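K.L.:
Can you keep this structure in mind? I'll have questions shortly.
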Amino acid sequence: MAPDTERTLSGWIFETNLRPFCEAVAEFAGYAFDDSDWLAVETALPSTDVDQDTWYDYPLHGSVAVTLHVAADPGSSVVVVKVTGRLDDRIQARIEAALFIFATWHLT
């Protein structure tokens, strides 16, 4: 698929892995994710709820413009995430791998 086509990748990850996931996606997009970015995501997360379809959208506009969408899954230890943007095959593969890794293992 051409990179000028909007794509959405989604899944769930362990909540403890949310910051490293954000940092990984930002790296793939060429965006310098820092403490102020994390503070915005971390502060917004408690007001989200996947069951109520209440999401927090955070743009990561580096060399590739992507938007990270996060929603808490109340009563669980996971966060539902979506990444949207005009992703080429290479970036899509990296994000898919990150989704697998951050949903499989608790990183420390």
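The values are calculated or read from the model by the stated rules, or taken from the named source; none is laboratory data. The structure presented is a predicted model; accordingly, all values stated were derived computationally and were not measured. Heads up, the Cβs are rebuilt from the backbone with ideal geometry, glycines too, and the neighbour counts pull from every protein chain shown. The protein model used for the area step is the full one, side chains on, heavy atoms only, and it has no ligands, DNA or RNA in it. Shrake-Rupley method; radii C 1.70, N 1.55, O 1.52, S 1.80 Å.
K.L.:
Of these, R90, R86, which one is touching a residue at least 60 places away in the same chain (Cβ under 8 Å) and either more than 10 Å from the chain's Cα centre (by Cα) or closer than 21 Å to A29 by Cα (or both)?
P.N.:
R86
K.L.:
A follow-up question, please. What are the pairs with Cβ atoms under 8 angstrom where one residue, in region 31-50, is under 17 Å from V81 (Cα atoms) and the other, located anywhere, is open to solvent by less than 80 Å² (accessible area, probe 1.4 Å) and polar (S, T, N, Q)? Sequence gap at least six, or different chains.
P.N.:
S47/T54; T48/T54
K.L.:
Among the candidates V50, V64, V41, single out the residue that is out of contact with any helix residue (DSSP H, G or I) (no Cβ under 9 Å at 6 or more places or on another chain) and open to solvent by less than 50 Å² (accessible area, probe 1.4 Å).
P.N.:
Only one candidate passes the filter, namely V50.
K.L.:
Which of the residues that make up region 67-83 are more than 10 Å from the chain's Cα centre (by Cα) and either open to solvent by 30 Å² or more (accessible area, probe 1.4 Å) or more than 18 Å from R19 (Cβ to Cβ) (or both)?
P.N.:
D73, P74, G75, S76, S77
K.L.:
Only strands (runs of 3 or more DSSP E) wholly contained in region 1-84 count here; list those with 1 or more residues that are of a type in the set (D, E).
P.N.:
It comes to 56-61.
K.L.:
Restricting to region 85-108, what's the tally of residues that are in a helix (DSSP H, G or I), among the aromatic types (F, W, Y) and open to solvent by 70 Å² or more (accessible area, probe 1.4 Å)?
P.N.:
Number satisfying all stated conditions: 1.
K.L.:
Do you know which of the residues in region 23-37 that are acidic (D, E), in contact with a Phe, Trp or Tyr (Cβ under 8 Å, 6 or more places away or on another chain) and open to solvent by less than 80 Å² (accessible area, probe 1.4 Å) is nearest to I91 (Cα to Cα)?
P.N.:
E23
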